[in-house]
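Asks: Let me begin by handing over the structure; questions about it come next.
Just so it is clear, none of the values below were taken in a lab; they were calculated from the coordinates. In this text the structure is predicted, and so the values were computed from the model without any measurement. No Cβ is skipped: glycine too gets one built from the backbone with ideal geometry, and neighbour counts run over all protein chains shown.
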Amino acid sequence: MKPQITLERTKAKLDLVKAMASHNTDEARQAQWALAKYVQPVINEIIATAPTLSNFWTAQSYNEDDSPSIPLDLYADTDEGFMTIWSASKPGSLASNLFTPSSEEIKVQTYRLDTAWSFDRKHAARSRLDVVGKTLARMAQEILLKREKTSATVLLDALAKTSTNDKSHVFRSHTAGELKLADFNRLITYLKRLNTSWTGGTPEARAGKGITDLLVSPEIVESLRGLAYNPVNTQGTKSDIPATDSMRDAIYSNGGIPTFYGINIMEFNELGVGQKWNTLFDTLAGSTTYAANYGGTGSAAVFDGVNEELVIGLDLSKESLIRVEAVTNNEINGVDYPAVFSIFPDDQFVTRQQKVGFFGGLEEGRVILDTRAIVGLIV
């Protein structure tokens, strides 16, 4: 997503932007503070609603300068009494795992995501609302990119290395390079095998609804569109059995992105051969081997990022992916407004360099409480 911030061209806003270029330091500073207070709710809304991987995580807020913690007994969904927690101590760093009793309360390590942008003072003097809007949009975009990188690193690191009941959470598709209906069916079964009791048997209650969302590349969506006219069977000698008429109509009508077996399809450009999440998973997986395809041919092998791509499955019915974030309460136009992202005027070298700038940021932390909510399919 590329956020856009457009300032309405009114006399009040033109005067406000022009005032930021004033040689009167107090006047310029007050104008910057006024603009920062005005756009802060807008940037917060962009960050909160952007269709990114980061927003697949459940947000939990805590007071600024507090030390957030999570009582695991409220989230525990295991008969074993222990949970394996994955988290990152710094943005973009490798995730670490902690094996801890589910009766304990864990502290969540948080980190800062900051951004700072400036523009020439002459643009403010000329009331260039477009320049100001683009600068503020860049700030939102930088925070979104940093959040995305952190989310992907924690999720892919945990996915690459975790296992449950001696079963890896990653396996290969029935047919190399294709995502078939048989793979959706297999994913449902695979999640049930991962969600067992500590003895390996049937749990007291099936946790969650199983896989709810599948994150795929545009190429995978292309293969799904092909189900409208390609055969779908995977057994027997016949290879020309199509999907049902109603299913093919649904695929055709929805551009290849309907739900299959109740699983939502989410398309991400970062996935696919040669793309950054695929390459990141290849690096994090290292020499780890993953099971042969469900069709029964081949043997377990390491992930080949040059020829294979990863599909990510999530069970969002579980509260497993948690994002804790510091919230500051602000009063804007007499209304109390809780803000995750805070923005301030930047006075670093402003006078000497003839710049007008802003800086801002947020504090957050990410943990995965139950890796049974994530699964990977190598296609």
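Asks: Pull up all non-local amide H partners of residue 69: gap of 5 or more, or a different chain, and H-to-H distance under 5 Å with H placed in the peptide plane.
Replies: 108
Asks: If R₀ is 51 angstrom, what is the calculated FRET efficiency for the pair residue 103 and residue 37, using the beta carbon separation as r and rounding to 0.05?
Replies: The calculated FRET efficiency here is 0.70.
Asks: If we count every other residue with Cβ under 15 angstrom of residue 366's Cβ, Lys/Arg +1 and Asp/Glu -1, where does the sum land?
Replies: Once positives and negatives cancel, what remains is 0.
Asks: While we're on this one: I want the local charge near residue 303. Using Cβ-Cβ distances under 14 Å, sum +1 for each Lys or Arg and -1 for each Asp or Glu among the other residues.
Replies: Here the count lands on -3.
Asks: Right, here's the next one. If the chain between residue 319 and residue 279 were fully stretched, how many nm would it gain, using 0.36 nm times the residue separation less the Cα-Cα distance?
Replies: Fully extending the segment from residue 319 to residue 279 adds 11.6 nm.
Asks: Going through the cross-link list 11/146; 276/355; 122/149; 37/107; 107/146, which pairs have a Cα-Cα distance over 27 Å in this structure?
Replies: Over 27 Å Cα-Cα: 11/146; 276/355; 122/149; 37/107.
Asks: So, one more: When 8, 363 are ordered from fewest to most other Cβ atoms inside 10 Å of their Cβ, what list results?
Replies: Lowest to highest Cβ neighbour count: 8, 363.
Asks: Also, I was wondering about something else. Within 10 Å of each residue's Cβ, count the other Cβ atoms and sort 268, 344 from fewest upward.
Replies: Final ranking by Cβ density, sparse to dense: 344, 268.
Asks: I've got another one for you. May I ask you to compute the full-extension gain from residue 73 to residue 192, defined as 0.36 nm times their residue separation minus their alpha-carbon distance, rounded to one decimal in nm?
Replies: Here the answer is 40.6 nm.
Asks: How charged is the neighbourhood of residue 56? Take every other residue with its Cβ under 15 Å from the Cβ of residue 56, and add Lys/Arg as +1 and Asp/Glu as -1.
Replies: -4
Asks: Still on this structure: How many nm is it between the label spots at residue 270 and residue 330, if each spot is 7 Å from the Cα in line with the beta carbon?
Replies: 2.6 nm
Asks: How high is the FRET efficiency from residue 9 to residue 30, r the C-beta distance, R0 25 Å, rounded to 0.05?
Replies: 0.70
Asks: Ranking 193, 138 by Cβ neighbours within 10 Å, fewest first, what do you get?
Replies: Lowest count first: 193, 138.
Asks: Which FRET efficiency value, to the nearest 0.05, is calculated for residue 261 and residue 93 with the Förster distance at 30 angstrom and r the Cβ-Cβ distance?
Replies: Step by step, r from the Cβ atoms, then E = 0.25.
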